[in-house]
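Notes follow the structure.
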Amino acid sequence: MTSMETSANRLLSLVEALLVTFLWSTSYVFIKIGLEEINPLTFAAYRYAIASVVLIVYASLCCREKMKEINLNRVAVFLALGFSGYFIAQGMQFLGLFYLSPVTVTFVLNLTPIFVWALSAVFLKEKPLSLQLLGMVLALIGILVYFHNSICDLGESTGILVTLVSGVGWSVYMILVRRRLWKENENVTVLTAYSMCLGALMLLGATALSGNVVNVSLGSWLIIIWLSIVNTAVAFVLWNHALKILKAYEQSILQNSMLIQITLLSVVFLGEQLTLQKIFGMALVFTGVLIVQLKARTLK
C-alpha cells in the first residue's frame, strides 16, 4: 500500500470516527428524552436488541461465509465484547443518564482515554511518561473543580460511579476490538453483529429478570428505532471499521470532542445551564486527557 493510499485510508477513518461522535452526541439528547418514559435497562435492551437484529440480517447477506466461521476462541472473544462493550458500557451509560445530565455523563466519560491508556500499559507493557502522569493529575483536578459542592448528592454520586464503570467497560471493548481487527484480521461487520447480539441478549435477560419489560408510546418507539438503526447499527460498524486504521489512543481522543458537542446540544435542546466553574473543570479535564493522548501516540 502506497503512502498516498495510507493517508487516504487514515483520513477516511478519521471522518468515520468523527461522524460517529456526532451521532453518539445526539444520542444523549434522545436518550434523556426517552428516559422520561422508559427505565434505563429496558431502553438499552430494546435499542441494542433491534440494532443487533439489523446487523445480523445484514451480515448474513453480505458476509455469509465469515458468519459460519465459528470456533471456541471466536465465541469467547464475542462474549467478552458483548459483556464489556454493551452490557456494561452501554447499560451503565443509560443508568448514568438516568441520574445525571448528558453534559455531566460526557464529562465523566471524558476520562475513558485514560482508562484505555492504563489498560494498554498493563496488557501491552507500555510504561507511563512524566508528562502523561501530569495530564492524569490535571484531569483529576478538573473533576474536583467540576463537581465541587455537588459531589455529596446521593443521586449524582451513584450516577458518577456507574458512568465510570461504563467508561472502563468501553475501554476494555476498544482494546479487544483493536487487537482482534489488527492482529486477527477479523471481519468488522461480523464482529460487531455477533458481539452486539450477545450483549443485547444479556441486556434483555437482565431486563426480564428485573421485571422491567414495558410497553412504550409511539414517540418513544420512534426514538428507539432511530437510535437502533442509525446511531447504533451503522455507527458501531463505522467506529470499529475506523479502529482497523486508527490506534485505540488516537480514536479515543476523538470521543473527547463529544464533550463540546453534547454541551452545545444540551444547552439548545434541553435548556441546560453551565456555570463558569463547570466550564473551567471541563477545560482542565480535556487538557489533561489531551496531554495523555498526544504522548501516548509516541508509545505505539
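Dividing the summed -39500 (n - 2.57) terms of all DSSP H runs of n ≥ 4 by the residue count of the chain sets its mean residue ellipticity at 222 nm at -25500 deg cm²/dmol.
Residues Leu259, Leu218, Leu81, Leu131, arranged from fewest to most other Cβ atoms within 10 angstrom of their Cβ, appear as Leu218, Leu131, Leu259, Leu81. In segment 127-277, one over the average inverse separation of all distinct C-alpha pairs is 18.8 Å, which is the Kirkwood hydrodynamic radius. Considering the chain, its Cα convex hull presents a mean projected area of 16.3 nm².
Among Met136, Met174, Met92, a tally of other beta-carbon atoms within 10 Å of each Cβ gives an order, fewest to most, of Met136, Met92, Met174. Per-residue 3J(HN,Hα) values for segment 61-66, derived from phi via the Karplus relation 6.51 cos²θ - 1.76 cosθ + 1.60 with θ = phi - 60°, read 7, 9, 9, 4, 5, 5 Hz in sequence order (x marks Gly and Pro).
Arranged from fewest to most other beta-carbon atoms within 10 Å of their beta carbon, Glu184, Glu65 become Glu65, Glu184.
Any read-out appearing in this document is the output of simple, stated calculations on the displayed coordinates, not a laboratory observation. Worth saying up front: this structure is predicted, and the values here are computed from it rather than measured. Positions of Cβ are generated from backbone atoms using ideal geometry, with glycine treated the same way; all protein chains shown enter the neighbour counts.
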